[in-house]
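Accompanying notes for the structure given below.
The values are calculated or read from the model by the stated rules, or taken from the named source; none is laboratory data. Just so it is clear, the structure is predicted and the values come from calculations on it, not from any experiment. No Cβ is skipped: glycine too gets one built from the backbone with ideal geometry, and neighbour counts run over all protein chains shown. Calculation scope for accessible area: heavy atoms of the full protein, side chains included, ligands and nucleic acids excluded. Shrake-Rupley method; radii C 1.70, N 1.55, O 1.52, S 1.80 Å.
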Amino acid sequence: MAQQSTLYVAGYGGTFEQIMRSKVIPAFEQEHGVKIEYVAGNSTDSLAKLQAQKGNQQIDVAILDDGPMYQAIELGFCAPIEGLDKANLFEQALYPEDKAVATGIVATGLFYNTEYFEKQGWEPPTSWNDLKDPKYKGMVVIPPINNTYGLYTLVQFARMNGGSEKDIEPGFATMIDEVNDNVLAYEPSPGKMTELFQSGQAVLGVWGSSRVQALADTGFPAAFVYPEEGAVTLLASACPVAKEGASSLASAFVNALLDPEVQSTMAVEYGYGPVHRQVEVPEAMRATMPTGERIAEMYNSDWVTINQNREDWTKRWNREVER
């Protein structure tokens, strides 16, 4: 196995980074005699680093959401994972040519303040269309389109109104004409999103199941909803970066993220749905977490089409939605 003294891993910040630093990285460093430098940033940041370092990659492993990961693969930044054991992985976790693999599954859907709804005598939300209800005017938060959760909201409204990723017009029409007036903020920051809920300014929003689980774990009365039209799959994914003289430890680290013990840790402490079939999820977490049959029922977006159009959609969103 090709060895190197330091392995550079680019991945998410916040709670994810804390878990990686405390529960995953030390064991890997000890087993393989390597020092891991963790470079925190969101998927857009990490993809930008890969693009900036093209031809002289410093990063060895990239951890990205599925959309940016498909871009990274298309741009030639990912190498096939050596020794990938696919026997116990859900099919949804796999990428073409094994150039990446999902390490956790998140459902994108609705979340709401259960205490506020009860006080108002409101029924829990059940549909993406609830985001259009005038009674929520100024109380809805949705991430912007440069965030996967906001992008999925646009795509879902397109699909529900006769369109698709290949015909996004109905999505924009719904956002502009029927949802926008209800939106307090198109908020990209998880910390700020949490603040808007905790302050009582927002009571309904779009977010990921793991984020909502983390908020609920603080004691805040938040609940995640799988909309009746379907939640959308978001895959946290990892790939060894294609580079001259690449270390086999890059693939080893990606494979370590699939270890059942690590998968269990990420499920319990971060709310990720495991991609390994043999990982048991605690009963208390099953209401929120995407597991088993629920994974098969979720919608998998057409990222090839999305990535071809995302720049144009973003410009239009900024011009017509977040104006």
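Relative to the longest principal Cα axis of the chain, at what angle does helix 148-160 sit, 0 to 90 degrees, rounded to 10?
So the inclination is approximately 50 degrees.
Sequence-distant or interchain residues sharing an amide H contact under 5 Å with V39, placed H: which?
V9, A10, G11
If you take every residue apart from D60 with its C-beta less than 10 Å away from the C-beta of D60, what net charge results, scoring Lys and Arg +1 and Asp and Glu -1? It would help to have the intermediate numbers written out before the result.
On the way: positive: K243; negative: E37.
For residues surrounding D60, the net value is 0.
I need the phi-derived Karplus couplings for the range 220-225: 6.51 cos²θ - 1.76 cosθ + 1.60, θ = phi - 60°, integer Hz, Gly and Pro marked x.
Running phi through 6.51 cos²θ - 1.76 cosθ + 1.60 with θ = phi - 60° gives 6, x, 10, 9, 8, 10 Hz.
In sequence order, what are the phi-derived ³J(HN,Hα) couplings for the range 291-300 according to the Karplus relation 6.51 cos²θ - 1.76 cosθ + 1.60 with θ = phi - 60°, rounded to whole Hz, with x for glycine and proline?
So the Karplus estimates, Gly and Pro as x, are 9, x, 5, 4, 4, 5, 7, 7, 8, 9 Hz.
Suppose only helical runs count, i.e. DSSP H with n ≥ 4. What mean residue ellipticity at 222 nm does that imply for the chain under -39500 (n - 2.57) per run, divided by all residues and rounded to the nearest 500 deg cm²/dmol?
The per-residue figure over the chain is -10000 deg cm²/dmol.
Can you match Cα extents along the principal axes in Å to one of these, (i) 81, 43, 39; (ii) 56, 46, 36; (iii) 61, 42, 33, based on a calculation from the structure here?
(iii)
Could you please report the charge total around H276, scoring K, R as +1 and D, E as -1 over all other residues with beta-carbon less than 15 angstrom from its beta-carbon? Kindly include the intermediate steps, with their values, before the conclusion.
On the way: positive: K86, R277; negative: D85, E91, D259, E261, E280.
That sum, taken over residues with Cβ under 15 Å, equals -3.
Is there a pair in K49/K315; K166/K315; K54/K99; K23/K99; K99/K166 whose C-alpha atoms are over 20 Å apart, and which pairs would that be?
Details: K49/K315 22 Å; K166/K315 17 Å; K54/K99 17 Å; K23/K99 25 Å; K99/K166 25 Å.
Flagged as over cut-off: K49/K315; K23/K99; K99/K166.
Please identify the trypsin sites (Lys or Arg not before Pro) of the range 31-123 that satisfy two criteria: DSSP loop assignment and at most 16 other Cβ atoms within 10 Å. Which are they? If you can, show how the numbers build up before the last one.
Details: sites: K35, K49, K54, K86, K99, K119; in loops: K54, K86, K99.
Here the trypsin sites (Lys or Arg not before Pro) that fit, given the DSSP loop and packing criteria, are K54, K86.
Return the FRET efficiency for the residue pair W122, D312: r is the Cβ-Cβ distance, R0 is 45 Å, and the value is rounded to the nearest 0.05.
0.75
When ranked by the protection proxy of mean other Cβ atoms within 10 Å per residue, highest first, what sequence do the peptides 308-320, 152-164, 216-228 form?
152-164, 216-228, 308-320
Taking the Cβ of S264 as the centre, find all other residues whose Cβ is under 15 Å away and add up their charges (Lys, Arg: +1; Asp, Glu: -1). Don't skip to the answer; put the middle values down first.
Details: positive: K23, R277, R286; negative: D259, E261, E269, E280, E283.
Summing Lys and Arg as +1 and Asp and Glu as -1 gives -2.
Once you put a point 7 Å from the Cα of K35 and another 7 Å from the Cα of E74, both along the Cβ direction, what distance in nm separates them?
3.8
How much accessible area per residue does the chain have, counting only protein heavy atoms and a probe of 1.4 Å, in square angstrom? Present the calculation step by step, with values, prior to reporting the outcome.
Details: 13910 Å² over 323 residues.
Ligands and nucleic acids excluded, the figure is 43 Å² per residue.
Once amide H atoms are built 1.01 Å from N in the peptide plane, which residues 5 or more positions from Y112, or in another chain, come under 5 Å H to H?
A223
If you average the sequence gap of Cα pairs under 8 Å that are 6 or more apart and divide by the length of the range 105-242, what percent do you get for the contact order? Write out the running numbers ahead of the final one.
On the way: 226 pairs, mean separation 61.3, N = 138.
This gives 44 percent for the range 105-242.
On the protein heavy atoms, probe 1.4 angstrom, tell me the percent of accessible surface of the chain carried by carbon and sulfur. Show your work: numbers first, answer last.
On the way: 6210 of 13910 Å².
Its accessible area is 45 percent carbon and sulfur atoms.
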